[in-house]
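Visitor: First the structure, then my questions, so here it is.
The values are calculated or read from the model by the stated rules, or taken from the named source; none is laboratory data. Keep in mind that this is a model prediction, so the values were computed, not measured. Please note: Cβ atoms are built from the backbone with ideal geometry, for glycine as well, and neighbour counts cover all protein chains shown. Just the protein is used for accessible areas: all its heavy atoms, side chains included, with ligands, DNA and RNA removed. Shrake-Rupley method; radii C 1.70, N 1.55, O 1.52, S 1.80 Å.
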Amino acid sequence: MERLPSVMSQNRVWYCLDCGKCSAVCPITRWETRQYTSPRLLVEKAVQGHPDEVLDDPLFWSCLTCKRCSELCPSGVYFSEFLRDARAMAQEKGQKGECSHSEVIQVWGRIMAHANPAQDRLGWIDGDLRVSHDSDVLYFVGCLPYYDALFKKIGCEGIEIARAAIRILNHLGIEPQVLADERCCGHDQLWEGDWETFQALARLNLEQIQASGAQQIVTTCPECARTLKLDYPRLVGGHPLRVFHLTEFLAQPGIGDRLNLKAEDMSPTVTYQDPCRLGRHLGVYDAPRQLMDRLGLHRIEMGRTGKASLCCGTSCWTQCGQVSKNIQVERLREAKATGAECLVTACVKCQIHFKCAQSDPALREELGIDIRDLTTLLAERLGDGTKAEPS
Amino acid sequence: MNDRARVVVFTCNWSGYSGLEAAGGARLGFPASVFPLRVTCLGRLSSGVILKAFEKGAAGVLLLGCPPGECHYQFGNHRAEEVLAEARQLAGLLGYRREQLKLDWVDAGDGEAFVTKVRDFIAGLNGK
Ligand code: SF4
Ligand code: SF4
């Protein structure tokens, strides 16, 4: 951890004013009961030159890098990025967070990065779904086929999200490319400090993306969107492609307005969970809301919404436990309190985490609310043929 | 696949491992490429642990537990089947072939069955 001071400089940690605004909103500070922890305290340990205490702080591995704190920080401290970079140093020393799900997600990431497998990941492209080898648009699927295998049992929509995305693109006359050997984007590896795997994955993806000849990447995963758009160019290698989360792609004039959507009279009342990566990381708040409005969905916002949104409680498949569960329960109660029948989100991980919390038999009744990805909601409301081009 | 390709054999403590011990006691040989790993019950495995064997270079992973209905903990067989199904699906997506991962059983103390099942599994990997 000798390089800690340089990582502190890069991320403006020295500028901390000790105001405590971050600690007031941090969900980990609120729910970590075993030991007091807060972003401000961790910053203080770093500033006072106690790297070991920084490393031992519960927040070091459990911070969700949700950026809720930096949204309020008057001094522009990049707390999430500070931890991201400090975690890479800790991993170099052989330390890491506690992996959830028996580490299986990290394991498949490493296999994809290093073992050069011949993946068989396109089995879901069936029926009337149309893809091509020369489209200008590349649909980046992310780990959806894998999450489907792991989380279908808790009701996760999984690969249906990818099917829905292709259906929407097809509706617009786009037959996107899909990479047969796409790798995990490396988001989790980057944010939990496994720099080596991140770089390997990024290089393998960049090679294929560049060879595809596509000009635009569309994805339904906010983490893939962030990583491909911001982190690949900054850390691994530039690419000329424009990267969009599907909701952003559809928000462009001349594209989404061509969607022929069947607004139903009896649409459910919905509330919306801003995924951290789509909202605070990429600044996309309006695009998904516009789409919900166009579907005629009656939307009621939760108290904490947009920039103030509460994270779904787990990040990078690490450190999941009582703190995560409490955050999820807190958020689901907030969603229920709006009176909405459906919690809409635009990130498969939000859905997985909330559905997991809902699977607790003791809370099933209290937390029961439908949870859907906006992509599948859109796809099932597509009418026949697109709207005419606006004249 | 060559005969030296590493194969991980997870044995449960009660039947699989007892078969392995019996094979050792009776001096029944099996290829040196086999890495036996004892777990208390195959139901304690997870897809993460199974895939990790592949990550570390195993060409095949064999799970040897108790005969159907004779699990020492009653429900471990069933749990192992669930774990296997999940691991199979993930391994399939990653491009591993179906024969590279198998769940099987031996009677407690049956060294010969242990050796036969391990050898057959390796032969299957080699397409024999
Ligand atoms: S990024 Fe989120 S979880 Fe991490 S310290 Fe800030 S508010 Fe807390
Ligand atoms: S909000 Fe910013 S300035 Fe205030 S304590 Fe937190 S890191 Fe320091």
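Visitor: Residues of region A:147-162 with accessible area at least 50 Å² lower in the all-protein-chain context than alone (1.4 Å probe)?
Guide: By number: A:149.
Visitor: How do A:360, A:370 stack up against each other in accessible area, from largest to smallest, with a 1.4 angstrom probe?
Guide: Result of the area sort, largest leading: A:370, A:360.
Visitor: Of A:298, A:239, which has the most accessible area and how do the rest follow, probe 1.4 Å?
Guide: The ordering from most to least exposed comes out as A:298, A:239.
Visitor: What base-10 log of the normalised intensity I(q)/I(0) is obtained for chain B from the Debye formula, alpha carbons as equal point scatterers, at q = 0.10, 0.13, 0.21 Å⁻¹?
Guide: Log10 I(q)/I(0), no solvent term: -0.27, -0.46, -1.22.
Visitor: What is the list of residues in region A:330-370 whose amide nitrogen lies under 19 Å from a point 7 angstrom out from the Cα of residue A:261, following Cα to Cβ?
Guide: A:340-348
Visitor: Any idea what diffusion coefficient region A:274-342 gets from Stokes-Einstein, in µm²/s, Kirkwood Rh on alpha carbon pairs, 37 °C, 0.692 mPa s?
Guide: So the translational diffusion coefficient is about 248 µm²/s.
Visitor: Rounded to the nearest 10 Å², what accessible area does residue B:21 show when all protein chains are kept and the probe is 1.4 Å?
Guide: About 110 Å², ignoring ligands and nucleic acids.
Visitor: Residue A:387: accessible area at probe 1.4 Å, nearest 10 Å²?
Guide: About 100 Å², rounded to the nearest 10.
Visitor: Starting at the first residue of region A:193-207, write each ³J(HN,Hα) from the Karplus equation 6.51 cos²θ - 1.76 cosθ + 1.60 with θ = phi - 60°, in whole Hz, x for Gly and Pro.
Guide: x, 8, 4, 5, 5, 4, 5, 4, 5, 4, 4, 4, 5, 4, 4
Visitor: Continuing with the same structure: Which order do A:307, B:102, A:325, A:355 take by accessible area at a 1.4 Å probe, largest first?
Guide: Per-residue accessible area, sorted high to low, gives A:307, B:102, A:325, A:355.
Visitor: What is the pair-distance distribution P(r) of region A:4-92, computed from all Cα-Cα distances in 10 Å bins starting at 0, with each bin given as a whole percent?
Guide: The distribution over region A:4-92 is 19, 59, 22, 0, given as percents.
Visitor: How large are Rg and Dmax for chain A when only the alpha carbon atoms are used, in Å?
Guide: Cα only, chain A: 20.8, 64 Å (Rg, Dmax).
Visitor: Could you sort out which of A:45/A:96; A:21/A:307; A:21/A:45; A:96/B:52; A:152/A:336 sit more than 21 Å apart by Cα distance in this structure?
Guide: Cα-Cα > 21 Å for A:152/A:336; rest within.
Visitor: Now for a different question. Whose amide H sits under 5 Å from the amide H of residue A:177, counting only residues 5 or more places off or on another chain, with H placed in the peptide plane?
Guide: Amide H neighbours of residue A:177: A:132, A:135, A:137, A:138, A:139.
Visitor: Express in Å², to the nearest 10, the accessible area of residue A:349 obtained by rolling a 1.4 Å probe over the protein heavy atoms while all chains stay in place.
Guide: Approximately 10 Å² for this residue.
Visitor: Stick to the Cα atoms of region A:242-391, pair each with every other, and give me the Kirkwood hydrodynamic radius in Å at one decimal.
Guide: By the Kirkwood definition, the hydrodynamic radius is 16.2 Å.
Visitor: Determine, from the Cβ-Cβ distance of residue A:134 and residue B:97 and an R0 of 51 Å, the FRET efficiency 1/(1 + (r/R0)^6), rounded to the nearest 0.05.
Guide: Plugging the Cβ-Cβ distance into 1/(1 + (r/R0)^6) gives 0.95.
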